[in-house]
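Structure, as structure tokens:
The values are calculated or read from the model by the stated rules, or taken from the named source; none is laboratory data. Not measured: the values here are computed from a predicted model. Positions of Cβ are backbone-derived with ideal geometry, glycine not excepted, and every protein chain shown enters the neighbour counts.
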Amino acid sequence: MSDSNTAESVVTLSSKAEYENSINLSQHMPQAKTISEMVLDAFQSTRESDQIRELRAAIRQAHDRFDDDTAYELMGELKQLKDAEAADIAALEDLSSKFPISRILSSFKDDPAFQEIVYGLALKVLNQTHQAISNPASGKSKAARAKKEAEVFTISKDGMSVT
């Protein structure tokens, strides 16, 4: 018979919390940390649409040309686009409250834009992993110690020697 006061409680961390705990441990190779950070960076960069990035670049160019009228017009377009994307995000949050994420993602598996994100991420992981494995010294690892030549001793007795 088990006593509930002495039973071990199991704490299950989310993948995000486990990742954050793991990335701070020194047991992971620097290349592995670099690859995992690259994956997260790629994920975060897909949150902002290409249209928003293009508008931001156009606004910077207009500012560089001191074309305030164009910059102001582009900022208005940017606000409209961000408002539309915020509405899309709200609709997606509503959808995710009704269906599990695995089901939602499986419905996007044939969508070209979704495939571009997934395969682009997979390609980055592949390239970074290949680089880390093929050139492990390029990471931020500790400097390798120079290998010492093994000392060789010879023992001689009565004309016989053993090395």
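Screening Ala42 on (1) loosely packed, with under 14 Cβ neighbours inside 10 Å; (2) modelled with pLDDT under 75; (3) assigned to a helix (DSSP H, G or I) shows it passes everything except condition (1). Determine whether Ala86 is among the aliphatic types (A, V, I, L, M), modelled with pLDDT under 75 and over 21 Å from Asp41 (Cβ atoms). Criteria not met by Ala86. The set of residues in the range 59-105 being over 22 Å from Ser49 (Cα atoms) and among the aliphatic types (A, V, I, L, M) is empty. Within the range 66-94, residues that are free of Cβ contacts under 8 Å to residues at least 24 places away in the same chain have Cβ atoms under 8 Å from residues that are β-branched (Val, Ile, Thr) and part of a helix (DSSP H, G or I) in these pairs: Ala71/Ile59; Leu74/Ile59; Met75/Ile59, counting only partners at least 6 apart in sequence or on another chain. A residue that is surrounded by 11 or more Cβ atoms within 10 Å (Cβ to Cβ) and more than 26 Å from the chain's Cα centre (by Cα) occurs nowhere in the range 102-111.
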